[in-house]
Amino acid sequence: MSDAPVWMLYGAPGYTGTLIAQHAVTHGHRPLLAGRNERDVAALGERLDLPRRVFALDDDEAIASALTGVDLVLNAGGPFLHTAAPLAEACIAAGVHYLDISNELQVFRAMYELDERARAAGVSVIPGVGFGVVATNFLAAHVNVLVGGAERLEVASRVFSARSGPGAAATMQANLPYGGWVRSDGELTAQELFTGIVTIDFPDGACEAMPVPTGDLEAGYRATGAPNVVAYAVSPPTAESAVGAVGARSFGWARATSSNGTTATALLETGDSYDFTPAASVRAVEATLQGNAIGAITPAQAFGDDFILSIDNTSRSVHLG
């Protein structure tokens, strides 16, 4: 193996995987492309002039063999309910860092249960390095510090993209049977889907926000220790509430409330979410390979709450009180 770290992009031929591969090449990387479909992996590898390996995740020996000489795996192959556990466990066994772009509550619960094994192996397991969690987890950590420790944490993401791949819909469908959840008094608590809608103000107007059972309920809790956490998905502003277009923008939002009522709110503003995810995930690969964060941890725990400021076309603003 060469002196340069080798990282694998699993699920590379998928819609988001291809965007990540293209971004990586543009920024001087040569990821090892991987997936289960030989034709698709080969086509992308030939187009980008990148090495590739083909293997499915139902054969432990095949996975172990494919990880030979690899330092880190970035998993972009959803639904992650099916791909995260076998790939992460194989990475730990092989002493390989594992990252993914998931935002599925059940996946995060499974990944964080691997913490002790990951620490013993000296590797990182970091789910959620795509838009969904990166857009909120760093904000959550930031506002938590500003209020001196949050009693209640609320996070939200509002996605804009001029593009759409099939993976997001498949992931949502795979997770619907698990129902709705919030975190209350430190415990995950079932909540009926499509209830608990609130209004959140964004730069271009007020938006309806609905509680959703995303990985933020685990990642936000672990990054802050807040016993009460709600994660929201946000609809665009109504025509009546819109105060002027801000262009093709996506947002992350977090509000921390301390036990004495002190509040801090932070807003992340960026562009197309399908541009943000490749940039954030490749930066996470770089930071993981350059750092020494060990264990099953959140992006903010791994990289510090200013990490998002290193992503192009991204800004953060904070409001106290």
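Things to note:
- In the range 111-131, the residues that are under 18 Å from Phe303 (Cα atoms) reach residues that are surrounded by fewer than 16 Cβ atoms within 10 Å (Cβ to Cβ) with C-beta atoms within less than 8 angstrom, at least six apart or across chains, in these pairs: Gly122/Gly95; Val123/Gly95; Val125/Asp115.
- Residue list for the range 1-42, restricted to those being assigned to a loop (DSSP other than H, G, I, E, B), over 21 Å from Asp272 (Cβ atoms) and hydrophobic (A, V, I, L, M, F, W, C): Met1, Ala4, Val6
- Test: residue in the range 59-79 that is surrounded by fewer than 21 Cβ atoms within 10 Å (Cβ to Cβ) and closer than 30 Å to Arg158 by Cβ: yes
- Once the range 57-82 is narrowed to residues that are in contact with a Gly (Cβ under 9 Å, 6 or more places away or on another chain) and of a type in the set (Gly, Ala, Ser), the residue that is modelled with the lowest pLDDT is Gly78.
- When the criteria are applied in full, Ser317 fails the requirement of being touching a residue at least 12 places away in the same chain (Cβ under 8 Å) and not in a strand (DSSP E or B).
- Among the residues of the range 268-290, none qualifies, meaning not one is in a loop (DSSP other than H, G, I, E, B), at pLDDT 95 or above, of a type in the set (A, V, I, L, M) and not assigned by TED's automatic domain parsing to the domain that holds Pro31.
- Complete set of residues in the range 1-27 that are free of Cβ contacts under 8 Å to residues at least 12 places away in the same chain and within 25 Å of Ser161 (Cα to Cα): Thr26
- Boolean, Ser259 is over 17 Å from Asn137 (Cβ atoms), modelled with pLDDT of 95 or more, assigned to a loop (DSSP other than H, G, I, E, B) and not aromatic (Phe, Trp, Tyr): yes
- Residues of the range 123-146 that turn out to be in a loop (DSSP other than H, G, I, E, B) and surrounded by fewer than 24 Cβ atoms within 10 Å (Cβ to Cβ), as a count: 0
- Residue among Ser259, Ser281 that alone is within 21 Å of Thr224 (Cα to Cα) and of a type in the set (S, T, N, Q): Ser259
- Residues that are out of contact with any strand residue (DSSP E or B) (no Cβ under 8 Å at 6 or more places or on another chain) and of a type in the set (S, T, N, Q), drawn from the range 1-60: Ser2, Thr16, Thr18, Gln22, Thr26
The values are calculated or read from the model by the stated rules, or taken from the named source; none is laboratory data. No experiment lies behind these values; they were computed from the predicted model shown. Because the Cβ atoms are built from the backbone with ideal geometry, glycine has one as well, and the counts that use them run over all protein chains shown.
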